[in-house]
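What follows is one structure encoded as structure tokens, with my remarks underneath.
Read-outs throughout are calculated quantities, based only on the coordinates presented, and are distinct from any laboratory measurement. These numbers were taken from a predicted model, which means no experiment stands behind them. Because the Cβ atoms are built from the backbone with ideal geometry, glycine has one as well, and the counts that use them run over all protein chains shown.
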Amino acid sequence: MIIQVTLMTCHKGVDLHAETAARVMRHRLDGGAALEGLYRAEFHTLWQDGNESAPEAVARLLNVGRFFNPNKHHQAHFQRKTTDESWHTATARGGILPSDWPGELIATDLPAGDVGPYDRLLGGGSTPGAEAVDVCAFPLGETGPLLSGVVWRMVFAADTPDPAALAARLAEARGARDGLLINPHMQGWLIA
């Protein structure tokens, strides 16, 4: 059994990266007009090696200061037990993110609410009738003990045909009017 530990963080205020990307997508990319919202959370995943507990590993990430600033970020710590840690391999280009990723919530600084911490980190859930698609992007070929990346949540109007395909097209940079969030030569990505 492999224990995957994930720290996810998001901005407490306006995320200028997401706001700027959403504006470009809506006004410059084919199909971008259907985008109602774009949200972003950073993730940092490591695989527990048995030498330290999951809370100790996350505490180390939180204390470094590079991954989390309590003045500007919210955070949540998840843990996932699995027999396969290969979801982020080089073949992960447009595939499906494991359904139980990032795992069970262990701790968070978010106040209790109607929506779970994973959804609150990604914009608070979608509005009624809207279609939300998550795109998880990370560097290809990462072999270190820590995998860092970004989860983008794209929220589309309810009448959007095939939101998952549109999310993939808006995310993967292929030309001047196709894609913005992922460089397919350097990054892998999975869709949830």
Counting Lys +1, Arg +1, Asp -1, Glu -1, what net charge surrounds Ala33 among other residues with beta carbon under 14 Å of its beta carbon? +2
Quick one, which of (i) 18.5; (ii) 17.1; (iii) 17.6 is the actual Kirkwood radius over Cα pairs in Å calculated for this model? (ii)
At a Förster radius of 25 Å, what calculated FRET efficiency corresponds to the Cβ-Cβ distance of Val24 and Asn69, to the nearest 0.05? 0.45
Neighbour-count order for Ser99, Ser148, Ser86, fewest beta carbons within 10 angstrom listed first: Ser99, Ser86, Ser148
Go ahead and estimate [θ] at 222 nm for the chain from helices alone: -39,500 (n - 2.57) per DSSP H run with n ≥ 4, summed, over the residue count, rounded to 500. -5500 deg cm²/dmol
Quick one: 3J(HN,Hα) in Hz for region 103-116, Karplus 6.51/-1.76/1.60 with θ = phi - 60°, rounded, Gly and Pro as x. x, 7, 5, 9, 7, 7, 9, 6, x, 4, x, 6, 9, x
Label-point separation, His17 to Thr143 (7 Å along Cα→Cβ), nm: 2.6
Sequence order, region 21-33: Karplus ³J(HN,Hα) from phi using 6.51 cos²θ - 1.76 cosθ + 1.60, θ = phi - 60°, Hz rounded, Gly and Pro as x, gives 4, 4, 4, 5, 4, 5, 9, 10, 9, 4, x, x, 5
Helix 54-64 axis, angle to the chain major axis (alpha carbon atoms, nearest 10°): 70
Suppose every K and R has +1 on its Cβ and every D and E has -1 on its Cβ; what is the size of the dipole of the chain about the Cα centre, in Debye to the nearest 20? 560
